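*Asks:* I have a structure here, written as structure tokens, and I will follow up with some questions on it.
Values in this text are rule-based calculations from the coordinates and carry no lab data. Worth saying up front: this structure is predicted, and the values here are computed from it rather than measured. For neighbour counting, all protein chains shown are included, and Cβ atoms are generated from backbone atoms with ideal geometry for every residue, glycine included.
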Amino acid sequence: MQRILVVDDQADLRLLIRLSLRALGEVAQAANAEAALAQLAASRPDLLILDVCLGEGISGLALCRQLRDDPALAGMKIMLLSACGQQSDVTAGLAAGADDYVVKPFSPESLYDAAAALLKQ
């Protein structure tokens, strides 16, 4: 079974994502980077869905860079979510190591399709 970790500071968005992706596998959630790091230390998901703006603490972009430097997490797919959809934002996200960058608002169907495509790689 595929494992997905959703990291977003908005509880309602975490719920929407979890419900949208539950057909793909087990979906865990974290409200911030620190909680995500604790879950990642316990087990590595197949896909990490990470909000770029996580409020206080480490940003999603910084966390993405940090995770890409960790050999234990090699092979884990990372999808960034952001309300910032300028080409420069997308470029920065991909340069940070993300495998995909999805702009909010998104439809549950498009998120599902993007997540499913990453999990098949």
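*Asks:* Is there any pair with a first residue in the range 66-85 that is under 11 Å from residue 97 (Cβ atoms) and a second that is of a type in the set (Phe, Trp, Tyr) and surrounded by 15 or more Cβ atoms within 10 Å (Cβ to Cβ) whose Cβ atoms are under 6 Å apart and which are 6 or more apart or on different chains, and what are they?
*Replies:* These pairs meet every condition: 80/101.
*Asks:* Which ones in the range 4-39 are more than 12 Å from the chain's Cα centre (by Cα) and either under 20 Å from residue 72 (Cα atoms) or of a type in the set (Lys, Arg) (or both)?
*Replies:* 22, 34, 35, 37, 38, 39
*Asks:* Out of all the residues in the range 5-18, is one or more of a type in the set (Asp, Glu), without any contact (Cβ under 8 Å) to a residue 60 or more places away in the chain and over 20 Å from residue 71 (Cα atoms)?
*Replies:* The answer is yes; a qualifying residue exists.
*Asks:* Across the range 101-121, what is the total count of residues that are over 15 Å from residue 27 (Cα atoms) and either aromatic (Phe, Trp, Tyr) or touching a His at 6+ places or on another chain (Cβ under 8 Å) (or both)?
*Replies:* The qualifying residues number 2.
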